[in-house]
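The values are calculated or read from the model by the stated rules, or taken from the named source; none is laboratory data. As the structure is a prediction and not an experimental result, all values here were calculated from the model. Cβ placement follows ideal geometry from the backbone for every residue including glycine, while neighbour counts extend to all protein chains displayed. Quick note on the areas: whole protein, heavy atoms, side chains included, nothing else; ligands and nucleic acids left out. Shrake-Rupley method; radii C 1.70, N 1.55, O 1.52, S 1.80 Å.
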Amino acid sequence: MLVSLSKDGKILTLKRSDDVSLRFHAIWLRDNALDPETRAPGNGQRLITIHDVPQDVSISQATIRDDMVDVTFSPEDKAVSFPVSWLISNTYDQSGDAHNGWLSNDKESWDESLQVPCFEWTHVLENPFERRNWLAAIARFGFAKLTGGPAKDGALTDQVELFGFVRETNYGRHFEVRTELNPTNLAYTGLGLQAHTDNPYRDPAPTLQILYCLENSAEGGDSTVVDGFRAAQRLKQENPDGFALLSGYPARFEYKGSAGVALRSRRPMIELSPDGELIAIRFNNRSSAPFTDIPFDQMEAFYAAYRQFASIIDDPKMAVKFKLQPGESFIVDNTRVLHGRVGYSGSGSRWLQGCYADKDGLLSTLASLNSELAAAAE
Ligand code: FE2
């Protein structure tokens, strides 16, 4: 490992033993200094603002010792050390080949061939490794099943408390998914439901949904899940212009099915980050509102792309299908994985409970479990 400085001290280069060079700007290093005057030692929060970083900051000296890089910043004459491992894990010197619709490495898109991530209630409850693996599967695939739970009213919120918090909505802390006489939502009928994401009319939309089975003896009622990210990738491959339309213009969604509720949102069906990462899917025929943000001469092409996206979503090759038994449940990342059901009827009953939760809480629990388990293994 070698360290060198540009003539003006504005760029530090770390040359790894495999000959790969990683460059860091002086301003970036100063802003991210790890010393106790820059970062609070207890909570790690930054104590300085951007105004505390001198505009003409440069590095007057940089040396490497063992696994640390010692840097002196000018004009402050401030000495700060950075662990080499920290620099490597925070590198930003990579080729900018980002294209629209890329997926981050920690996610994996899937179709019908997915080996369903399935975990056992008691294992997840009692074993932190299993709990970590369960949460990691949800983060990676946007979906996991949990079996062997109690067929008990409210067990779904106990499940949420294993990693975070229930998100309460106008449907309550949780809601009953069963046939009702005067349903406020088509979910509360025996109709089949096209695969969809829930509540795209909220902003923000709920990021996780749990569906928990209490009874399922009716004919039909199988659940399906579809990876919206894979569907978007397919659309991009088959019709790049259509992908650009669905990700480039906002759709509109609304729900006003019960008194005192008038929810509306204006968001795209395929959402990309500013640098093109696939970050969210919103797709729900029942709550789609008139599209009013698409230029007149693009409307027909927009509809063609919408139809094609729907055909991909409806393609049986895209879906994983299963019938939940009492005590079984699944979680979907509602910003990514669509869920649907086959219609049901006849004798027998079907009773699921559903609730929403926040993905940031799940990811936070996953990250801290990962560090705790890694520390315990050392
Ligand atoms: Fe739903």
Notebook entry, point to check: Within segment 120-146, can you find the residues that are β-branched (Val, Ile, Thr) and surrounded by 15 or more Cβ atoms within 10 Å (Cβ to Cβ)?
Noted result: VAL124, ILE138
Item checked: Members of segment 315-330 that are more than 17 Å from TYR212 (Cβ to Cβ), charged (D, E, K, R), more than 16 Å from the ligand (Cβ to nearest atom) and in contact (Cβ under 8 Å) with a residue 24 or more places away in the chain -> LYS317
Next item on the list: May I ask you to verify whether MET299 is touching a Phe, Trp or Tyr at 6+ places or on another chain (Cβ under 8 Å) and either within 24 Å of ALA244 (Cα to Cα) or within 16 Å of the ligand (Cβ to nearest atom) (or both)?
Entry: yes
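Among PHE283, PHE309, PHE330, which is within 21 Å of LEU135 (Cβ to Cβ) and under 23 Å from the mean Cα position of the chain (by Cα)?
PHE330
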Next item on the list: Would you be able to say whether some residue in segment 166-177 is under 26 Å from GLU126 (Cβ atoms), charged (D, E, K, R) and out of contact with any strand residue (DSSP E or B) (no Cβ under 7 Å at 6 or more places or on another chain)?
Entry: no
Margin query: Criterion first (closer than 27 Å to LEU324 by Cβ, within 16 Å of the ligand (Cβ to nearest atom), β-branched (Val, Ile, Thr) and within 19 Å of the chain's Cα centre (by Cα)) does VAL177 satisfy it?
Written below: no
Margin query: Going residue by residue through segment 262-277, is there one that turns out to be open to solvent by less than 20 Å² (accessible area, probe 1.4 Å), assigned to a loop (DSSP other than H, G, I, E, B) and in contact with a Leu (Cβ under 8 Å, 6 or more places away or on another chain)?
Written below: yes
Note to self: Kindly evaluate ASP227 against the criterion of being in contact (Cβ under 8 Å) with a residue 12 or more places away in the chain and over 30 Å from GLY154 (Cβ atoms).
What the structure shows: no
Note to self: Restricting to segment 1-26, give me the number of residues that are within 18 Å of VAL69 (Cβ to Cβ), in contact (Cβ under 8 Å) with a residue 24 or more places away in the chain and either surrounded by fewer than 16 Cβ atoms within 10 Å (Cβ to Cβ) or within 31 Å of the chain's Cα centre (by Cα) (or both).
What the structure shows: 9
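Residues checked against (1) without any contact (Cβ under 8 Å) to a residue 40 or more places away in the chain; (2) away from the ligand (no atom under 16 Å from the Cβ):
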position: GLY248; (1), (2): yes, yes
position: ARG264; (1), (2): no, yes
position: ARG286; (1), (2): no, no
position: TYR306; (1), (2): no, yes
Item checked: Every residue from segment 289-309 that is part of a helix (DSSP H, G or I) and open to solvent by less than 20 Å² (accessible area, probe 1.4 Å) -> PHE302, ALA305, PHE309
Check: Among the residues of segment 61-73, is there at least one that is within 28 Å of the chain's Cα centre (by Cα) and of a type in the set (Asp, Glu)?
Finding: no
Check: Which residue, of TYR255, TYR212, TYR188, is buried (at least 16 other Cβ atoms within 10 Å of the Cβ), within 16 Å of the ligand (Cβ to nearest atom) and free of Cβ contacts under 8 Å to residues at least 24 places away in the same chain?
Finding: TYR188
Next item on the list: Considering only residues that are buried (at least 20 other Cβ atoms within 10 Å of the Cβ) and part of a loop (DSSP other than H, G, I, E, B), look in segment 191-201 and name the one that is farthest from the ligand (Cβ to nearest atom).
Entry: TYR201
Next item on the list: Could you tell me which numbered condition ASP241 fails, if it satisfies all but one of (1) more than 13 Å from the ligand (Cβ to nearest atom); (2) surrounded by 15 or more Cβ atoms within 10 Å (Cβ to Cβ); (3) modelled with pLDDT of 95 or more?
Entry: (2)
Next item on the list: Mind listing whichever residues of segment 69-119 are among the aliphatic types (A, V, I, L, M) and either within 30 Å of GLY148 (Cα to Cα) or open to solvent by less than 50 Å² (accessible area, probe 1.4 Å) (or both)?
Entry: VAL69, VAL71, VAL80, VAL84, LEU87, LEU103, LEU114, VAL116
Note to self: Return the residues of segment 331-352 that are in a loop (DSSP other than H, G, I, E, B) and away from the ligand (no atom under 13 Å from the Cβ); say none if nothing qualifies.
What the structure shows: THR335, ARG336, VAL342, GLY343, GLY346, SER347, GLY348, SER349
Note to self: Name the single residue that is nearest to the chain's Cα centre (by Cα) among those in segment 336-360 being within 24 Å of VAL124 (Cβ to Cβ) and open to solvent by 20 Å² or more (accessible area, probe 1.4 Å).
What the structure shows: LYS359
